[in-house]
Structure formats: structure tokens, C-alpha cells
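The values are calculated or read from the model by the stated rules, or taken from the named source; none is laboratory data. In this text, all values refer to a predicted model and were calculated from it rather than measured experimentally. Positions of Cβ are backbone-derived with ideal geometry, glycine not excepted, and every protein chain shown enters the neighbour counts.
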Number of protein chains: 2
Amino acid sequence: MENDMTEPGSRRRVTIREVAERAGVSMATASRALSGNHPVPAATRARVLRAARDLDYVANAHARALVGGGRKMAAVVVRQVTSPFYAQVAEGVEAEAADRGWLCVVGATGGDPQREMEFVQLMREEGARLVILVGGVVEDEAYRERVAHYAQALDSTGARLVLCGRPAPDPEIPALVVEFDNEAGARAITGHLLSAGHRRIVFLGGLPGNTALDARVAGYRAALAEHGLPPEAARVVDCGLGRAAGLRAMGELLKETREFTAVVAGDDMVAAGALRAIADAGLAVPADLSVVGYNDIPLAEDFNPPLTTVRTPAEELGRAAVRIALRDPEHAAGSHHLLGTHIVVRRSVAPPPTDGGLTPV
Amino acid sequence: MENDMTEPGSRRRVTIREVAERAGVSMATASRALSGNHPVPAATRARVLRAARDLDYVANAHARALVGGGRKMAAVVVRQVTSPFYAQVAEGVEAEAADRGWLCVVGATGGDPQREMEFVQLMREEGARLVILVGGVVEDEAYRERVAHYAQALDSTGARLVLCGRPAPDPEIPALVVEFDNEAGARAITGHLLSAGHRRIVFLGGLPGNTALDARVAGYRAALAEHGLPPEAARVVDCGLGRAAGLRAMGELLKETREFTAVVAGDDMVAAGALRAIADAGLAVPADLSVVGYNDIPLAEDFNPPLTTVRTPAEELGRAAVRIALRDPEHAAGSHHLLGTHIVVRRSVAPPPTDGGLTPV
DNA sequence: ATGAAAGCGCTAACAA
DNA sequence: TTGTTAGCGCTTTCAT
């Protein structure tokens, strides 16, 4: 119970030498007995194991890593763990990694490229063999350089880089991309609204430059076009993601105009905010206005009303990322995997009001 | 772009020796220049830094750890990252750790003690200086032994152990506990229901043996007693936690009896399930039945209706855990910190129906 | 100011 | 079967 150190964790640990001494064998023998992959007589092994247990010995992972057979470590980096979507992806990565006996580290960047770089650097130092970057980004020159550097650096030591939901700056780069087909998903859900009879649909939550959102907006526009609507029929409000953004933007939009009968939200969180704003305005969903989301987060069915949305199997995305990355060495350059999505219909969509729309403000 | 290895991450990295050679200095000088805490002439240092950058050198964290000044690493272990509550705690830990320049690893156990042990073992091997175990548990003999072992083992190397929301088996043990006052929180929220006029209140989501839930049940009973109700007035259904459990249990309860006017849920997820079950039964909240939750997860205000619940600042719990653990070395034995909670009133509570209750089934 | 050398804890040849 | 030795990449005395 002594605790006289100022630095946590700086006291000496039991080493294999002590185990060896206690068992009356050499370090080499102790090592062999402990690792179990070399022939060691049962009697000797038992003595060694006993000594190790008595001393509560645990191997020093750093020493082990240094000499060669270090632990396999994967790293996921997300914007924040409290986002239900990212949490699910991280859980998928962690689960798949654990299944294979890999250690999994998760890092949060808060969306800051600087922190992302630091974290990747850190992972290189720690010898991570697999780095998974998750989430849409704005694809500017800085991004391209950053990722090209990660990819090259990681690849030079044989580590893998996978981009989840963000593009590879160049197909030649040694990185793997795994993502959902955002455009198809958005097209489908917008189509669902169109089929219900809606014609004036707004997209809430654009984020110009962000690859994921741009794709969803593109899908939204494509659906409109497919149904014979002119380009001017599209109305996208670029409020970005997050519940707060959705709440504010929807509130403002409602004050400004009511010339629409449905909204497709950039994701379920902005849908949550939108739903609240709509209720605050005294309107009912789906009677007055239909709303759809994106991602189908675990609590989307508990919204008021239960949200019709696009299901993106996030945990599967995480699992797929590690599975594919670890599968064939041939993955390296430019391999691109698209995961499918589908609509889940709940109660937030109805035909537009028969009077043709909301009462003008 | 060559990628002929079968083992990810097994290719050689640039070492400090190569940097030294390129800069025309010895390894020792290179090391000094790179670490920056030894006097090195500006000219020499510049050459070394240049060489390092040209080679894209990153130090080998394992070698560094081995020789002494390894990176400070904290580990949080939770049941699952996709639980909003745990995610927030993990985010708090990660944020506070990052603020101090520590690396943070999060592990998920799925609630399996076996995996918990393995993960702690792993963290010992990796040299974690701080491990934080989060979440209520059933406090049996196995638990006591397990934790006593963790505590002793970690302490023997000067590492810290903190228990978040779970008890220390013995105050003498070198572990720190930080938790919310579950009993007070449950007492307060139950009192809120009582004040609204409810007398027949059921607790949904007991988990006998689980310390956190038992404390909430105790708070619930205490509130009942304070309002002069006899012990028999208490009705707790032990369905455990999770949305699915709440959904099922509430559905069954409603089929069995309607002799109650309010329910306090074990946490917000079971409240979500209960809300759904109640709606499925054709009843309205709060007109027919009042419901309260526990934890105030981020989406609780988006439930139907917005949920009145107990706010437990989860992120702050995580931050507090690392802050306190790292503060004074005197923390070691038996220090116990209780964090306060408060009620957040939304729209899921109303006075009981004036006819005195639900229509008997 | 800088280099040579020792050594952190471990595993893997290489001998015996 | 077991022990001896070398060496992983780095920092740090100890000399120079």
C-alpha cells in the first residue's frame, strides 16, 4: 500500500529474470515456458508458471514489441465518441479487432485536423499496424496532403490505412476506402418523400465541401430530377450537422417561409433538432410536415414521431474496415468498397396536407 | 507503394541511428537534439531536425518506454461504447487525458468479467499508469477478489486504479472511487412524482445485486417512506437495463395490472422502451401514466414526450476520475468522491388521472 | 559540446 | 532440453 511516488506507474515491475530465478531456470527457459510455443518439459513449465503466478508477473509489452512480436494494435479515429454514429463504428472496429486478438485504441479529434495529425503520429510511434480514419471531411488541398503523408508513412512500415466515409485523395495512394453510398441513400429517401406526393422538399444540413454531405445533397437533387422536377425545386440549407444546428436552422426557416411540405435532414441528429423546432412552431409531424433523417441511430425510433430514415449499418462499417484491411495484402492501392444502405419506414412521413401546403406565415 | 508483407506493420522503421548518420552526428547527439531538453548548439540541432524531417522519422515509443520515459497512458473500460452514458464518461476521460498529454485507450467488455480481467491484464502489460473501471456491477465475492487483485497489482507499480460507479471491496484497498449519489438521485426523482400526487409508483429496471441499481431502488423506497407510504407500496420489477428490457417488461406489466400511475425507470434507455410499450398499449404519457428516467442522455429531450429525468453529468464523471486520480498521491486508499445530480423537468410527468388511476384491465 | 558504451526487458539464434 | 549471447531502438551516464 506504499505510495510514495510522484509519478504514477513509475515503480519497477516484476521481470522475467525474477521469475526465472524463482523457478531456478534461465531467462530463456522461462521465456519459452511462458510463451508456450517452444517444447518445454511439463515439469519445468509448471515450475515457471507457478513462479510467474506467485509473483503476479506480467510481460512488458514494450520490451516484447521491441524485439519483434509486439501486440497487434489498431487505431480508430473519430470526431467524437458521443456521436451515436461514430460510437457504433468504433464499436464495430473494436469488436472485430478484439475477435482477432488485436488491441484497439480510439482517438477523438473534435474535428480538428491538427489533433488528427498528432494522433496519427502518436499511433505511428506506438507501432499501430492499422489506422482507421472515420467520417466525412472537407476535401481541400491540406486534406489531400495530410492523407497522402499518412498513407505513405504508414505504408512504409507495412501498416494499413483505411478511410471510412472519406475519399482517398488519389487512387494510387496506399489506402483503402470503405464507405456507404451516400448518394444512393439520399436519393432513395428523397424518392420516398416524392412517392408520398411531396414536391416541395428542403434538404436541411448541407455542409459545402464536406464529402459525405455533398454526396447526400447530390442524391437529393438527383431524386428531384428523376421525378421531373426542375433544378430550382431544390432548396438546401447549409446549417451543418448536429442537433443544435438543426434546431436553429429549422426554426429560422419556418419563420421565413412555409413553402415546403417535407424536409430531409443531413442526419438523424439534425432531424432531432428539426423535429423539436417544428413542434415549437406549433406544427405536427407528419400531418403538417414530413421529416426524414439519415443513419438510423439507435434512438431514432424513440423520436416524436418515430423517424423514417436511412439505415447505415455503422457497426458493420467498422467491422468491414478491419476485415478488409486485414484480408489481402493486395488491398493497398485504391481499393474502394461501397456498403449498401436502406430505408427504414416509421412514422414521420405522410402525404402532404391536402390544402397543398402549410399556411403561409 | 511496395506491399509484399503478409504481416501488417512488420516492416522496418527509420531509426534514430539513420537520422544521426544523415546529420553526421552520433546517436547520442541526435537523441539530445530531438528531445530538446539538453543543451545542443543551434546549428547541430538544426541539422538533426532537418534529417529527421527528411526521413520522416518517428521515435519508437516502445524503445522509449523501455528505457524509462514512456508515454503516459490511461485506460477506461466500459461495458459498451454505444451506450450514451458510457460514451460520455469515456469522452470525459479522453478529454481530460488529452488535456494533460496522456494517451487514452478505451476498452469494451460487453459486461463480461472475463474480458474485463483480460483487458486490465493487457493494460498492465502495456504499462498504463491509470485504469478507470466504469459502471455498476454485482458485488459478489468474485468481484471483490478481482478488484482487490487489480488494485494491488496496479499499485505495486505505482499505477492508479479508479472505480467509477462501482464500490471498492474494502476501504483499505489502493483504489479511488468516484460516483454519483444514486440513492439521492432516485429519491429526488421519486419525490418529484410523489409531489405531483402519485402514490402508486413502480420502479422498472431493478437488477438485484447490481450496486448502482440497488442504490436507486433504495432511494425510491426511501422517498416512498418519507411520504408516509408503507413498504408494501413499493413495486419493483427486476428486468435489468436496456431499451429492449424496458419495452418487454413494461408491456407485460401493463397486461398484468394497471394499478399504478407512474413509473421510475432504471435509466433512460429502459424509459425509452417503457414509453414505446405504453404507447403500444394505447395509453398516453403523461395523461394516463407518468414516466421518469435516469441519466439524462443527450436524446432524452427528443423522446415522446420529452423525458423528465435525473441529470448525471457523465462527462464530468470521466474528467473527475482522471483529475482526482492524478492530483495527490494521498488518494490511494479508500478515497471516495460523490458527485451530485439533479432533476431535469420536461414533459413526461403530470398529476395522476383524476379518476384515481388507469382503468383496470 | 559530443561520442562511446551500458542497459532497459525480452526473444531468438546458437551452443552445449 | 537448457543456457549463453546478441541485439531490438532508445536514453543516459561517463569520458573526452
Spot the failing condition for A:ALA63; the list is (1) part of a loop (DSSP other than H, G, I, E, B); (2) within 39 Å of the chain's Cα centre (by Cα); (3) within 13 Å of DNA strand D (Cβ to nearest atom), and only one is missed.
-> (1)
Residues located in the range A:38-76, provided they are without any contact (Cβ under 8 Å) to a residue 12 or more places away in the chain and facing chain B (nearest Cβ under 10 Å) | A:ALA61, A:HIS62, A:ALA63, A:ARG64, A:LEU66, A:VAL67, A:GLY68, A:GLY69
In the range B:200-211, how many residues are of a type in the set (Gly, Ala, Ser) and buried (at least 22 other Cβ atoms within 10 Å of the Cβ)?
-> 1
Residue within the range B:11-25 that is under 40 Å from the mean Cα position of the chain (by Cα), more than 8 Å from DNA strand D (Cβ to nearest atom) and within 14 Å of chain A (Cβ to nearest Cβ) present = yes
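I need the helices (runs of 4 or more DSSP H) fully contained in the range A:162-270, keeping only those with at least 3 residues that are farther than 23 Å from A:HIS342 by Cα.
Answer list for the range A:162-270: A:243-256.
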Specify the residue that is farthest from B:LYS255 (Cα to Cα); the eligible residues are those in the range B:267-297 that are charged (D, E, K, R) and within 23 Å of the chain's Cα centre (by Cα).
-> B:ASP296
Subset of the range A:94-119 [part of a helix (DSSP H, G or I), within 10 Å of another protein chain (Cβ to nearest Cβ) and among the hydrophobic types (A, V, I, L, M, F, W, C)] = A:ALA95, A:ALA98, A:PHE119
Of the residues that make up the range A:148-166, is at least one within 14 Å of chain B (Cβ to nearest Cβ), out of contact with any His (no Cβ under 6 Å at 6 or more places or on another chain) and of a type in the set (Phe, Trp, Tyr)?
-> yes
What number of residues within the range A:10-37 satisfy the criterion of being within 10 Å of DNA strand C (Cβ to nearest atom), part of a helix (DSSP H, G or I) and either without any contact (Cβ under 8 Å) to a residue 24 or more places away in the chain or more than 25 Å from B:ASP155 (Cα to Cα) (or both)?
-> 9
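Let's see how each residue does on (1) out of contact with any Lys or Arg (no Cβ under 9 Å at 6 or more places or on another chain); (2) of a type in the set (Ser, Thr, Tyr); (3) within 14 Å of another protein chain (Cβ to nearest Cβ):
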site: B:SER195; (1), (2), (3): yes, yes, no
site: B:LEU207; (1), (2), (3): yes, no, no
site: B:GLY219; (1), (2), (3): no, no, no
site: B:ALA223; (1), (2), (3): no, no, no
site: B:PRO230; (1), (2), (3): yes, no, no
site: B:VAL263; (1), (2), (3): yes, no, no
Look through A:GLU126, A:GLU91, A:GLU96 and report the one residue that is buried (at least 19 other Cβ atoms within 10 Å of the Cβ), touching a Lys or Arg at 6+ places or on another chain (Cβ under 8 Å) and closer than 27 Å to B:SER83 by Cα.
-> A:GLU96
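How many of the residues in the range A:317-339 are part of a loop (DSSP other than H, G, I, E, B) and either modelled with pLDDT of 95 or more or aliphatic (A, V, I, L, M) (or both)? I'd like the intermediate steps shown before the answer.
So in the range A:317-339, the residues part of a loop (DSSP other than H, G, I, E, B) come out as A:328, A:332-335.
Pick out the ones that are also either modelled with pLDDT of 95 or more or aliphatic (A, V, I, L, M) (or both) and you get A:332-333.
Residues flagged as part of a loop (DSSP other than H, G, I, E, B) and either modelled with pLDDT of 95 or more or aliphatic (A, V, I, L, M) (or both) within the range A:317-339 amount to 2.
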